[in-house]
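Have a look at the structure below before the remarks.
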Protein chains: 2
Amino acid sequence: MMQVPILKMNDVLIVTLGNDITDDEAIAIKHNILVKIKETECQGLLIDISVVDLIDSFMGRILNEIAEMAKLMGSRTAITGMSPQVAITMIELGLKLQGVYTALTVEKGFEWLRNPNTGA
Amino acid sequence: MMQVPILKMNDVLIVTLGNDITDDEAIAIKHNILVKIKETECQGLLIDISVVDLIDSFMGRILNEIAEMAKLMGSRTAITGMSPQVAITMIELGLKLQGVYTALTVEKGFEWLRNPNTGA
């Protein structure tokens, strides 16, 4: 099973999702992120999906769940680099990523996680 | 083939290497990083290997090459999160990563890439 590295930079965890993530891997990623949030007591979670060009309903739901669960654990979520295709799919699936800050670049997402009052 | 995402944050490219990278993948990663350096004109390259617990001579050489090539293109390299096993292997293989800043945390590597005078 592919292991997705989780980087910690200051108070923010950075996860970069690749293509072709299986359902089992998605569940493992969700679990690992939550464990890492607890472990590092970080306040922000940045998920970069700029290389993802296709998302299915399962992965979309997992993204939504990660954000909701991270929020319960006191961590804000930003999703960056969404491609047009993925945005179309997310809306068609009815997944609006409520409470999640979305931005095209990692810089903007990171900036928002550190200073939430500056945008979104 | 596994695609390794390359994040751009400010002037720095961030690459996180996973385990079980094949030789072909390592070559592809090297190529993609160099293309991205040219594309983004970034000044720093951060390679996080904190989840890598085993490195072979080929991957060690590739890491060395990436740093040397990036330098020719005007980009400094920092490698972060090296495990004891990997450090042992690197020295036993005679790979000293000259001109590369190494640090245990991503924060330190990132900080150095932005202000090279503060350490190393």
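Where a number appears in this text, it was derived from the coordinates with a stated rule and is not lab data. Model, not experiment: these values are computed from the prediction. We place every Cβ from the backbone using ideal geometry, glycine too, and count neighbours over all the protein chains shown.
Percentage of Cα-Cα pair distances in chain A greater than 26 Å, rounded to whole percent? Show your work: numbers first, answer last.
Working: 747 of 7140 pairs.
The proportion of pairs with Cα distances above 26 Å equals 10 percent.
When a footprinting reagent is the concern and you count Cβ atoms within 10 Å, what order do A:50, B:83 take, fewest first? Spell out each step's value before the answer.
Working: A:50 19, B:83 16.
So the residues, fewest neighbours to most, are B:83, A:50.
Using the crude model of +1 on Lys and Arg Cβ and -1 on Asp and Glu Cβ, and no other charge, please compute the dipole size for chain B relative to its Cα centre, in debye to 20.
On the way: 10 positive and 15 negative charges, 92 e Å.
It works out to roughly 440 debye.
How many angstrom lie between the C-alpha centres of the stretch B:38-70 and the stretch B:73-120?
Answer, in whole Å: 9.
Can you pick out the pairs among A:36/A:108; A:38/B:96; A:36/B:36; A:71/B:30; B:30/B:108; A:96/B:38 whose Cα atoms lie more than 26 Å from each other? Kindly include the intermediate steps, with their values, before the conclusion.
Working: A:36/A:108 22 Å; A:38/B:96 36 Å; A:36/B:36 29 Å; A:71/B:30 37 Å; B:30/B:108 23 Å; A:96/B:38 36 Å.
Long pairs (Cα-Cα over 26 Å): A:38/B:96; A:36/B:36; A:71/B:30; A:96/B:38.
Using the Cα centre as the reference, give the magnitude of the dipole from point charges on the C-beta atoms of the protein assembly as shown (Lys, Arg: +1; Asp, Glu: -1; all else neutral), rounded to the nearest 20 debye.
Numbers: 20 positive and 30 negative charges, 165 e Å.
The calculation lands at about 800 debye.
Give the residues of the stretch B:11-32 whose amide nitrogen is closer than 16 Å to a point set 7 Å from the Cα of residue A:40 in the direction of its Cβ.
Correct set: B:14-18.
Please list the helices of chain B that count as membrane-span-like by this rule: a mean Kyte-Doolittle hydropathy of at least -1.0 together with Cα atoms stretching 20 Å or more along the helix axis, each helix being a complete DSSP H run.
On the way: long enough: B:23-40 (25 Å, -0.19); B:57-72 (23 Å, 0.42).
Counting only whole DSSP H runs, the qualifying helices are B:23-40, B:57-72.
Could you work out [θ]222 nm for chain B from helices alone, using -39500 (n - 2.57) per DSSP H run of at least four and dividing by all its residues? Round to the nearest 500 deg cm²/dmol.
Working: 4 runs with 52 residues, N = 120.
It comes out at -13500 deg cm²/dmol, rounded to the nearest 500.
Over its Cα atoms, what ratio of radius of gyration to 2.2 N^0.38 Å does the protein assembly as shown give? Before the final figure, lay out the partial values.
Values: Rg = 17.7 Å, N = 240, 2.2 N^0.38 = 17.7 Å.
That ratio works out to 1.00.
Residue by residue through B:3-12, how many Cβ atoms from other chains fall within 10 Å of the Cβ on average?
Numbers: counts 5, 4, 13, 4, 13, 6, 10, 5, 0, 0.
Per residue, the average neighbour count from other chains is 6.
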